[in-house]
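Shown next, in structure tokens, is the structure this report addresses.
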Amino acid sequence: MYVGGAKNSALKLMAASLLAPGRSKIHNVPDILDVDVMGQLLERLGCTVAIAHPQDADPTRGLISGTVTIDVPQELKWEAPYELVRRLRASIAVLGPLVARCHRASVALPGGDAIGSRGLDMHMRGLQELGARVWIEHGQVVADVPDRFAGANLWLDFPSVGATENLLMAAVLAEGHTVIDNAAREPEIVDLCQMLISMGARIDGISTSTLVIEGVSSLSPVEHTTVTDRIVAGTWAFAPAIAGGTVTVEGGVHAHLDLVLDKLAASGAEVTDHATGFTVSSDKQLKAFDVVTLPFPGFPTDLQPFALALASISEGTAMITENVFEARFMFAQELARLGADLRTDGHHAVVRGRRELSGAPVVAHDIRAGAALVLAGLAAQGTTTVAESQHIDRGYPYFAEVLRSLGADVERMNIL
């Protein structure tokens, strides 16, 4: 099966288009709800947005991604409304570009998945160090700057992806030299840097923890192709490990998932790399392995629910440590409804594997938990019903259809 463009990159690339008046095109954009919401947000800011996906979508042939065309006006609106921002955490990414272009912005405090606190302190402090006034008022993050941002030396307390993106997009139009130390290094950050460079930005240190930006006075619109979604690729890598069988992931980049694939191989799965992706096979109970989530290149927090699900049917005991989002273990209580033997304590979960799970009604609290519950349901005896499954559609194009193409017995149902 094929993996399309990365949700966590495409949304930020759409926000980055605000930095340059004119028409930008972003290719390989996944056909998911979050892209539609970001498009609506950009339209509220004065852009004209056209989202074109394949008319005859076919996940088995890779026809799952499309193109977003964004016409950005010379004069942008600078207020991002609550009714859209509350639906999409990534909408905070418009903050830096709006202040850089309009010298002011008002962005509602964002919503998104219920996976824990994701404070904006680093975003706000970094913008202040670049010369802006930033405060929270009536549920809005408000910022203004008299003229251009001024280059500065910025240090992030934690390599936050969101803060790195916002400060990077602010700094490319700043006057002078900006250094972002302890920056995030995820492939999605690299993708954003590459698009910004194509627009005319000057950025050094890409893929390292220190980004050096020489500000420019203006940027130009571009065409850019979104990087492959490593989290979707990782999800399909876990699918045969959890439910059995063989899955070939076309478009999956092994280097983006080195640690994940190494752990699957060490647990007893067969992992084969090839020119256009990789294949994972499993026909037996795998051995349990420990997981510690960390920023890239560590084990991704977005794949932790799949590791937890796999541990529940593996041989032995696993310790899962969550260091990024403290509420990720809301998923554990749903997995326990399927019969998993686990307990959580703070940011640790201990899972004792068993031969099989039993189907039950469960609830998806976020994108990755929902997808992991579906895969766990495939490994369970009986029927599993995953409620609130609309969360899955925010991150996975044609999730049920892809699973059916792989031979899984999965139905999407409307239950009143």
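Bear in mind that the values in this text are calculations on the coordinates, not laboratory data. Please read these numbers as outputs of a predicted model, since none were measured by experiment. FYI the Cβ positions are ideal-geometry reconstructions off the backbone, even for glycines, and counts take in every protein chain you see.
Before moving on, here are some points about what is shown:
- Estimated inter-spin distance, residue 315 and residue 50, nm [label 7 Å along Cα→Cβ]: 5.8 nm
- Within-14-Å neighbourhood charge of residue 262 [Cβ basis; K, R +1; D, E -1]: -2
- The slack between residue 147 and residue 345, meaning 0.36 nm per residue of separation minus the straight C-alpha distance, is 66.4 nm.
- Degrees separating the helix 230-243 axis from the principal Cα axis of the chain, which is the longest one: 10 degrees
- Anchor residue 12: lysines whose Cα lies under 29 Å away (excluding residues fewer than 8 positions away in-chain): 25, 77
- Here the contact order of the chain, divided by its residue count and restricted to Cα pairs under 8 Å and six or more residues apart, works out to 14 percent.
- FRET efficiency for residue 405 and residue 157, using Cβ-Cβ distance with R0 set to 51 Å, rounded to 0.05: 0.70
- The modelled label-to-label distance for the pair residue 181/residue 218, using points 7 Å beyond Cα in the direction of Cβ, is 3.5 nm.
- For Cα extents along the principal axes in Å, the candidate list reads (1) 57, 50, 38; (2) 80, 56, 45; (3) 63, 46, 46; the entry that matches the value derived from this model is (3).
- Entry note, segment 230-405: relative contact order of 17 percent, from Cα contacts under 8 Å with a spacing of 6+ residues.
- In the chain, excluding the sites themselves, the longest stretch lacking any of the GluC sites (Glu not before Pro) that are in a DSSP loop with at most 16 other Cβ atoms within 10 Å is 76-325.
- Residues of segment 299-319 with an amide N closer than 13 Å to a point placed 7 Å from the Cα of residue 262 along the Cα-to-Cβ direction: 299-300.
- For segment 300-360, the set of trypsin sites (Lys or Arg not before Pro) satisfying both a DSSP loop assignment and a count of at most 11 other C-beta atoms within 10 Å is given as 355.
- The modelled label-to-label distance for the pair residue 354/residue 198, using points 7 Å beyond Cα in the direction of Cβ, is 5.0 nm.
- On Cα atoms only, tilt of 187-199 relative to the major axis of the chain in degrees: 30 degrees
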